[in-house]
1. Filter region 99-145 down to the residues that are among the basic types (Lys, Arg) and either touching a Lys or Arg at 6+ places or on another chain (Cβ under 9 Å) or modelled with pLDDT under 90 (or both), then identify the one that is nearest to ARG58 (Cα to Cα).
2. Of the conditions (1) without any contact (Cβ under 8 Å) to a residue 40 or more places away in the chain; (2) in contact with a Phe, Trp or Tyr (Cβ under 8 Å, 6 or more places away or on another chain); (3) surrounded by 15 or more Cβ atoms within 10 Å (Cβ to Cβ); (4) farther than 18 Å from LEU180 by Cα, ALA67 fails just one. Which one is it?
3. When you scan region 145-160, how many residues do you find that are part of a loop (DSSP other than H, G, I, E, B) and either without any contact (Cβ under 8 Å) to a residue 12 or more places away in the chain or in contact with a Ser or Thr (Cβ under 9 Å, 6 or more places away or on another chain) (or both)?
4. Output the strands (runs of 3 or more DSSP E) that fall wholly within region 65-132 and possess 3 or more residues being under 23 Å from GLN46 (Cα atoms), or say none.
5. Return a yes/no flag: does region 158-172 have any residue that is loosely packed, with under 14 Cβ neighbours inside 10 Å, in the same structural domain as SER59 (by TED's automatic domain parsing) and among the aliphatic types (A, V, I, L, M).
6. Which ones in region 42-64 are in a helix (DSSP H, G or I) and of a type outside the set (D, E, K, R)?
7. Are any residues in region 64-89 at pLDDT below 85, farther than 18 Å from PRO112 by Cβ and not basic (Lys, Arg), and if so, which ones?
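The values are calculated or read from the model by the stated rules, or taken from the named source; none is laboratory data. Please read these numbers as outputs of a predicted model, since none were measured by experiment. Quick reminder, even Gly has a Cβ in these numbers, built from the backbone with ideal geometry, and neighbours come from all protein chains shown.
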Amino acid sequence: MAGISIRKWVSPRRWALRVLLVALAASVLLSESPPLPVSAAQPACQHYHRVMPKDTLRSISQAWKVAPWDIVTANRAQMTKPNYPVFLGTRLCIPAASGTTRTLPAWVLDQPPAQFIARASGKTLTIDAYNFPLGSNWWVKVDGAKLGKIKILKKAHAAATFKLPAGARQVCLKNMMTDLNYCAAVVYPR
């Protein structure tokens, strides 16, 4: 058997596992994958809606006459479990009505939009986050540089202070699980 070398420290069992994994990978790569079902595709947007301060998922769905679940599925990148938050100022895709009967709890439908305020005071940056998903973790980035993190422990409000980098213009919160970015300008005192 010229050209094939088996090293002594590889057990026959481990060697068999490697061969099995290579064969499995080859079969997956060479097989034709079935087409995705139509329901798995993201719905096309008929309209767009900019989230305003008093908007809730219920009010948006009633204004556009679309089921709330249709809005959630059309905006999966922005609206994640457990409470499918809407973020102030974001642009939501409003799909055509699908006639779905899936319902969401009232506390999800009626929650106000999540928002945060980044205030500068001297050499301190204070971030107040309102209505963010409970238990979520967010990286704090100032002008693209990581500054720290915030964990949302209270339902209505979370606050954190950081050392303010000189000339900071924009603060972004990046969800550690979903990579969702939510940005706002730094508010300086007059």
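1. Going through region 99-145, the residues among the basic types (Lys, Arg) turn out to be 102, 119, 123, 141.
Subsequent filtering for residues that are either touching a Lys or Arg at 6+ places or on another chain (Cβ under 9 Å) or modelled with pLDDT under 90 (or both) retains 102, 123, 141.
On the way: ARG102: 14, LYS123: 41, LYS141: 32 Å.
Applying the filter and picking the extreme gives ARG102.
2. If we test ALA67 against (1) without any contact (Cβ under 8 Å) to a residue 40 or more places away in the chain; (2) in contact with a Phe, Trp or Tyr (Cβ under 8 Å, 6 or more places away or on another chain); (3) surrounded by 15 or more Cβ atoms within 10 Å (Cβ to Cβ); (4) farther than 18 Å from LEU180 by Cα, just (2) comes out false.
3. So in region 145-160, the residues part of a loop (DSSP other than H, G, I, E, B) come out as 152-156.
From what's left, either without any contact (Cβ under 8 Å) to a residue 12 or more places away in the chain or in contact with a Ser or Thr (Cβ under 9 Å, 6 or more places away or on another chain) (or both): 152.
Here the count works out to 1.
4. Working: elements: 91-95, 115-121, 124-130.
Where strands (runs of 3 or more DSSP E) fall fully within region 65-132 and carry at least 3 residues being under 23 Å from GLN46 (Cα atoms), they are 91-95.
5. Keep residues of region 158-172 that are loosely packed, with under 14 Cβ neighbours inside 10 Å, which gives 159, 161, 163, 166-167, 169-170.
This time we only want the ones that are in the same structural domain as SER59 (by TED's automatic domain parsing), so: none.
No: zero hits.
6. From region 42-64, those in a helix (DSSP H, G or I) are 57-64; that's our starting set.
Selection gives LEU57, SER59, ILE60, SER61, GLN62, ALA63, TRP64.
7. Filtering region 64-89 down to residues at pLDDT below 85 leaves 76-85.
Next, from what is left, pick out any that are farther than 18 Å from PRO112 by Cβ: 76-77, 81.
ALA77 - this is the single residue of region 64-89 that is at pLDDT below 85, farther than 18 Å from PRO112 by Cβ and not basic (Lys, Arg).
A quick yes/no check of all residues on (1) closer than 23 Å to VAL51 by Cα; (2) assigned by TED's automatic domain parsing to the domain that holds LYS65; (3) among the aliphatic types (A, V, I, L, M):
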site	(1), (2), (3)
SER98	yes, yes, no
ARG102	yes, yes, no
PRO105	yes, yes, no
ARG119	yes, no, no
THR124	no, no, no
ALA129	yes, no, yes
PHE132	yes, no, no
ASN137	yes, no, no
ALA145	no, no, yes
